[in-house]
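Notes follow the structure.
FYI, it's all coordinate maths here, none of it is from the lab. Everything quoted here is computed from the prediction, not taken from an experiment. All Cβ positions, even for glycine, are placed from backbone atoms using ideal geometry, and neighbour counts span all protein chains on display.
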Amino acid sequence: MLIEVAKGLAFTLKTMLRKPITVQWPEEQKPTAARHRGRHILHRYDNGLEKCIGCELCAAACPVGCIYVGPAENDPADPVSPGERYAERYEINLMRCIYCGYCAEACPTEAITLGPRFELADYRRERTVVTKAELLEAWPSFAQARRPNSDTGVGADQKGRELNEPGVSPRIAWEASDELRTDSPRPDEFGVPSHVPRVISPDEAEPR
Amino acid sequence: MIANFSDIFSVGRVGEDGIVVIMVKAVVVLLALATAAAYLTFAERKVAARIQLRIGPNRVGPLGLLQPAADAVKLLFKENAAPSGRDKLLYLVGPALAGGAAIFAFAAIPISGLTCVGGTVVGDGCNGGYPFHWDLIHVNVSLLFVLAVTSLGVYSLFLGGWSANSKYSLLGGLRSSAQLISYEMAVAFALVGAVILAGSLDLEKIVLAQQGAWFVLLQPLAFLLYFTAALAETNRLPFDLPEAETELVAGYHTEYSSMRFGFYFLGEYINMVIVCSIATLVFLGGWLPLLPWIHSDWLGGLVGVAWFLGKVSALLFTMMWLRWTLPRFRYDRLMNLGWKVLLPLGLVNIVVTGAIVAIRAS
């Protein structure tokens with residue numbers, strides 16, 4: 001028996017001298033798997049036009065009804081997307097989302113995919129509803145790049161620009177706007193602020 | 001009256017400590033043991049982590065070194081949840097005894113050799129100067145004293161198990177008392193061989209008798225027996241049956257929370273220190289240096305303290321190492337090992353040692 005014990009001790013000693021495999025998250029991050037289903041991304045074409053054409057098929061495919069698409073007509077002189085319509089508002093309730101990826105499968109233009117981001121916890125419930133400004137792929141000079149066949153490349157971050165966009169994210173607005181912090185009603189005082197997107201129920205998500 | 005106070009425990013003492021010296025020593029021992037117990041939990045977690053290829057606690061303070069402090073604060077601030085059907089007095093006596101007995105036992109453990117402040121050591125006494133013993137109470141049967149006081153710890157386990165009015169606690173308490181009583185014999189028999197060789201129960205004299213050769217070389221079997229039994233005595237894996245999580249939740253301290261639980265924890269880890277201290281003193285030459293040329297007289301007993309602590313730490317590490325290597329014994333096999341293997345081997349060791357000593361003496 002003593003020999004077995006000694007063998008076991010030798011093994012654990014050997015393990016002790018090996019380098020620990022711990023990744024010190026969040027300081028160290030491992031890349032997610034290529035097909036990881038994290039928070040959604042709304043993609044653009046290479047010329048900066050949005051792929052989303054506001055068809056609402058993703059909202060219809062969603063089994064929990066967490067997607068809201070507010071479509072609008074494209075201005076032919078200054079289009080947002082190649083089709084007739086584009087998504088003026090695009091909101092996803094991440095508290096409800098089950099990250100099944102059906103929206104990505106339903107999308108005819110491959111506008112929405114599930115991305116690598118997975119750190120989605122927040123202190124404020126309202127901020128877990130992400131809007132188009134957060135979902136949309138970054139674009140450095142958005143106003144210019146809107147035009148068809150622009151050759152401007154994709155950017156890294158869109159901070160500072162989204163505040164002027166229609167479906168501004170309450171999260172970014174909260175962090176960026178001093179006005180919101182001081183003057184306007186706080187969400188916990190008078191309910192959610194007026195610009196927070198309405199979350200539709202599964203019944204409403206049925207194709208009309 | 002105060003002048004004679006220290007006489008109570010100073011049987012066989014050369015010179016005499018005043019009450020101030022004793023109190024200073026007591027405070028030092030108390031604080032050192034509490035700190036040691038706290039950092040043993042930290043060391044245990046680090047060793048466990050490295051064996052499992054993890055890093056272990058590293059968030060609180062530099063390298064996670066303040067983790068024990070954070071744990072202590074957490075324990076102190078937790079709610080003292082207690083079962084309503086408990087025996088109110090005994091429920092409190094249990095943890096108090098667990099911590100108290102463990103700390104008390106350390107009083108008679110010499111951590112270094114006799115130092116004569118302003119004199120020189122002659123034999124086991126001083127020629128002038130102040131004789132400074134590196135223990136709290138110098139008893140000439142200190143080994144017996146330590147064994148007796150650590151045995152008091154059984155009461156804490158049993159009382160804690162019984163008074164909580166919970167079946168898991170009771171079963172855990174029964175298991176631990178049975179285990180501790182069984183292995184107490186093995187511990188005692190393993191130590192007797194060394195006592196025969198040294199011809200004394202005084203831990204200081206036992207260490208001094210090892211100046212030629214450590215008793216681990218003369219009594220390898222006894223050392224093995226002692227260390228095995230000591231693991232069982234301290235409820236460590238592979239003999240941690242009293243708190244087998246899968247069967248008994250947490251054993252005798254299931255119904256304890258907050259600092260009451262903390263005291264059991266404290267007692268458990270201080271018991272580890274004591275068990276390793278005895279092993280060091282009786283088998284590993286205590287404060288005697290392994291490399292004679294590193295030992296120096298001008299630093300007096302402090303070098304001895306360093307040697308003693310080094311050896312104790314090595315043994316403590318071995319205990320943790322064993323814990324994360326071996327699986328738990330089944331209860332009947334535990335009893336078999338204690339009564340049918342360790343005890344007979346201990347008896348054989350005593351007889352053989354005694355015979356050899358008798359033959360050489362005649």
Mind checking the angle between helix B:301-323 and chain B's longest principal axis? C-alpha axes, 0 to 90 degrees, to the nearest 10.
30
Residues whose placed amide H lies under 5 Å from that of B:Lys78, excluding near-sequence neighbours
none
For n ≥ 4 DSSP H runs only, could you compute -39500 (n - 2.57) per run for chain B, divide by its residues and tell me the 222 nm figure to the nearest 500?
-20000 deg cm²/dmol
Which order do B:Ile274, B:Ile111, B:Ile196 fall in if you start with the one that has the fewest other Cβ atoms within 10 Å?
B:Ile196, B:Ile111, B:Ile274
Calc'd 3J(HN,Hα), the range B:87-99, phi into Karplus 6.51 cos²θ - 1.76 cosθ + 1.60 (θ = phi - 60°), Hz, glycine/Pro = x, comes to 7, 4, 6, 5, 4, 7, 5, x, x, 4, 5, 4, x
Report the label-to-label distance for A:Thr109 and B:Leu31 in nanometres (one decimal), using points 7 Å from each Cα along the Cα→Cβ vector.
7.3
Using the 10 angstrom Cβ neighbour count as an exposure proxy, how do A:Ile21, B:Ile278, B:Ile350, A:Ile53 rank, fewest first?
A:Ile21, B:Ile350, A:Ile53, B:Ile278
Averaged over the residues of B:49-60, the number of partner chain Cβ atoms within 10 Å of each residue's own Cβ comes to 4
Pairs of Cα atoms under 8 Å, at least six residues apart: use those to get the relative contact order of chain B, whole percent.
21
Quick one: helix B:153-163 against the long Cα principal axis of chain B, what's the angle to the nearest 10°, folded into 0 to 90?
20
I need the trypsin sites (Lys or Arg not before Pro) found in the range A:11-88, filtered to DSSP loop residues with at most 12 other beta carbons within 10 Å of theirs.
A:Arg18, A:Arg35
Among B:Val341, B:Val187, B:Val216, determine the one that fluctuates most according to a GNM of chain B built with springs between C-alpha atoms less than 10 Å apart.
B:Val341
In whole Å, what are the Cα extents of chain B along the three principal axes, biggest one first?
61, 48, 46
Which whole-angstrom value gives the distance between the alpha carbon centres of the range A:57-120 and the range B:149-209?
70
Which one, B:Val21, B:Val192, B:Val312, has the greatest fluctuation when you compute a Gaussian network model over chain B with C-alpha springs under 10 angstrom?
B:Val21
Under the Karplus curve 6.51 cos²θ - 1.76 cosθ + 1.60, θ = phi - 60°, whole-Hz ³J(HN,Hα) for the range A:45-57, x wherever Gly or Pro sits:
6, 4, 8, x, 5, 6, 6, 5, 10, x, 7, 6, 5
Averaged over the residues of B:319-328, the number of partner chain Cβ atoms within 10 Å of each residue's own Cβ comes to 3
Given an 8 Å cut-off on Cα distances and at least 6 residues of separation, report the relative contact order of the range A:48-115 as a percent.
39
As a footprinting exposure proxy, order A:Tyr86, B:Tyr39 by other Cβ within 10 Å, with the fewest listed first.
B:Tyr39, A:Tyr86
Between helix B:220-233 and chain B: long-axis angle, C-alpha atoms, 0 to 90°, nearest 10:
40
